[in-house]
Amino acid sequence: MRVLTFYGFWLLCCSYLPLFGQSDSTNILTLPQYLSILKQYHPVAKQANILTEQAKANLRIARGGFDPVLYSDYERKDFYGKNYYSFFSTELKIPAWYGIEVKTGYDVAYGVNINPENSIPDNGIYYLGISLPVLKNLLMDKKRADLLKARLFVQSTEQERLLLLNQLLLDAIQSYYYWCEAEQIKKVFYDALQVAYVRYRATVRAYELGDRAAIDTTEALAQYQQRVYQANEAELNVQKARLIVSGFLWTENTTPALLPDSIFPQTIDSTFLSAALNAPLENLDILLAQINTAHPAISQYDLKLRQLDIERKLKKENIKPVLNINYNLLSPGFFNYSKPDNRVFSNYYKFGFNFSMPLTFAQGRAELQQTRLKINDTKLQLTQKQRELELKVMGTYAELSTIKKQVSLYEETLKNYERLSVGEGRKFEIGESNLFLVNTRENTAITAQQKMVELYIKYLNYEAKLKWVLASFPL
């Protein structure tokens, strides 16, 4: 049997080399570009922004409790041609902090049947007054509580927005990396398919020339068929990955978009990951400290505790008696005092107070106790959440550290498998091996290439997962 030289075998292979589709390197959708589209047009990203706007609207509603109120009332009774009475009253009331209300107004009353109690000068009476809670509602009242809680709610919804975007970005990034993995594994199998096709045609030609046994053509054909099967599966995985990625792509009119077939992801290889693999991981203690200082979930619990503390102060007011003092400075006409001196405050005024108190304060004490229980429950939830996040960080950090070592180790392993495959191929060319051993070595090398791609993607996925746990994705 005549043995082909290495160069003769290579030239024979090249004569049957088919043309396989190549991706255009200029049509690359990078991860930053992909995330930029996502954050701008994805419905969940828009919904997250709506949360903040709703909280701001609630804040404006709470501020409305301190809006000045203008009140007017007119009532007249005529009977048998007589004006029994005519009452006109207008008042401007301005709520202030600490439950204080400042008011000013003008009253007019005339007619033949006016109650002497309501009798006032013919030109009406002006007044400037103040209402002050002395006991209950002095330190906290419902309007102040609603306003303070609304301000905290704005901050809380901002943290909720960050958590929604954080989860959205993790899902999107993992989908993108799955697409990268599918495309690169497809390339591995398509390259292997190309080599198998060339080897099969070359083996058939060598058999026709009498240089190879018939069984070698069967071995080469089986290998080629196996490669076709693997390439078809890889192509299917790419189509699935592209559809998953398309699920995160939307246009400016909130219209779903489909990823074009001409667009490809960036290539994930040792060059792409060199900076991350060569740089040391951030200190674990620093990462754990970030949980209590910057994590939105922890901030939400802190804000909830602050809201409950406001609620506690409000409920505490319910176990106090009500004592409100009212004072109105009166003026006949438009501040037309006959003798405007210091006696104005003692001669022209209306003063009063009201007092009430439940005998047991049962409801107030129960509501206060209920709020305290909510505070204790929230503190326990906060402690549990902190521990949960700490364990997730430590677990993800350990996995990321291990995968980082595994990547460096397997890069060397892959090189060795490729050397063995190339060496077996050269032995085959000089007649010291057979096609079965060549295919075996080659299959091992291809499996290692696939494993290498999976390790690269696994490293990036755990890197993204660590950022997700820490909620540190750039927004």
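The condition of being closer than 25 Å to E418 by Cα and touching a helix residue (DSSP H, G or I) at 6+ places or on another chain (Cβ under 6 Å) does not hold for R201. Scanning region 242-252 for residues that are assigned to a helix (DSSP H, G or I) and either touching a strand residue (DSSP E or B) at 6+ places or on another chain (Cβ under 9 Å) or open to solvent by 50 Å² or more (accessible area, probe 1.4 Å) (or both) returns L243, I244, V245, S246.
Residues in region 92-105 that are surrounded by 14 or more Cβ atoms within 10 Å (Cβ to Cβ) and modelled with pLDDT under 90: G99 only. One residue stands out among those in region 53-89 that are in contact with an Asp or Glu (Cβ under 6 Å, 6 or more places away or on another chain) and modelled with pLDDT of 90 or more: the one that is most open to solvent (accessible area, probe 1.4 Å), which is Y71. Residue count for region 418-475 under the criterion of being open to solvent by 20 Å² or more (accessible area, probe 1.4 Å), of a type in the set (F, W, Y) and over 52 Å from the mean Cα position of the chain (by Cα): the result is 1.
For region 185-241: of the residues being open to solvent by 30 Å² or more (accessible area, probe 1.4 Å) and hydroxyl-bearing (S, T, Y), which is nearest to E454 (Cα to Cα)? Among those residues, the one meeting the criterion is Y190. L273 satisfies every condition listed in (1) part of a helix (DSSP H, G or I); (2) touching a residue at least 60 places away in the same chain (Cβ under 8 Å); (3) over 16 Å from L455 (Cα atoms) except (3). Out of the residues in region 372-389 meeting the condition of being open to solvent by less than 70 Å² (accessible area, probe 1.4 Å) and among the charged types (D, E, K, R), tell me which one is farthest from K136 (Cα to Cα). Applying the filter and picking the extreme gives E388. Here is the figure for region 92-150: residues that are among the aliphatic types (A, V, I, L, M), closer than 16 Å to K350 by Cβ and in contact with a Lys or Arg (Cβ under 8 Å, 6 or more places away or on another chain) total 3. Sub-6 Å Cβ pairs linking a first residue in region 395-408 that is more than 10 Å from Y459 (Cβ to Cβ) to a second residue that is open to solvent by less than 30 Å² (accessible area, probe 1.4 Å) and of a type outside the set (V, I, T), at least 6 apart or interchain, are T396/L466, ordered by first then second residue. State whether one or more residues within region 361-371 are surrounded by 17 or more Cβ atoms within 10 Å (Cβ to Cβ) and farther than 18 Å from N318 by Cα. No, because not a single residue in region 361-371 is surrounded by 17 or more Cβ atoms within 10 Å (Cβ to Cβ) and farther than 18 Å from N318 by Cα. Going by what's in this entry, would E282 be described as under 30 Å from E399 (Cα atoms) and at pLDDT 90 or above? Considered against the rule, which asks whether it is under 30 Å from E399 (Cα atoms) and at pLDDT 90 or above, E282 comes out as yes.
The sole residue among K392, K379, K374 that is assigned to a helix (DSSP H, G or I) and closer than 30 Å to L460 by Cα is K392. Output yes when any residue across region 147-160 is among the small types (G, A, S), outside any loop (DSSP other than H, G, I, E, B), touching a strand residue (DSSP E or B) at 6+ places or on another chain (Cβ under 8 Å) and surrounded by 15 or more Cβ atoms within 10 Å (Cβ to Cβ), and no when none is. For region 147-160, residues among the small types (G, A, S), outside any loop (DSSP other than H, G, I, E, B), touching a strand residue (DSSP E or B) at 6+ places or on another chain (Cβ under 8 Å) and surrounded by 15 or more Cβ atoms within 10 Å (Cβ to Cβ): absent.
For region 253-277, the set of residues classified as exposed (fewer than 13 other Cβ atoms within 10 Å of the Cβ) and farther than 25 Å from E463 by Cα consists of N253, T254, T255, P256, L258, P260, D261, S262, listed by residue number.
The values are calculated or read from the model by the stated rules, or taken from the named source; none is laboratory data. Just so we're clear, the structure is a prediction, and the values are computed from it rather than from any experiment. We place every Cβ from the backbone using ideal geometry, glycine too, and count neighbours over all the protein chains shown. For the accessible areas, the whole protein counts, side chains as well, though only heavy atoms, and no ligand, DNA or RNA atoms are used. Shrake-Rupley method; radii C 1.70, N 1.55, O 1.52, S 1.80 Å.
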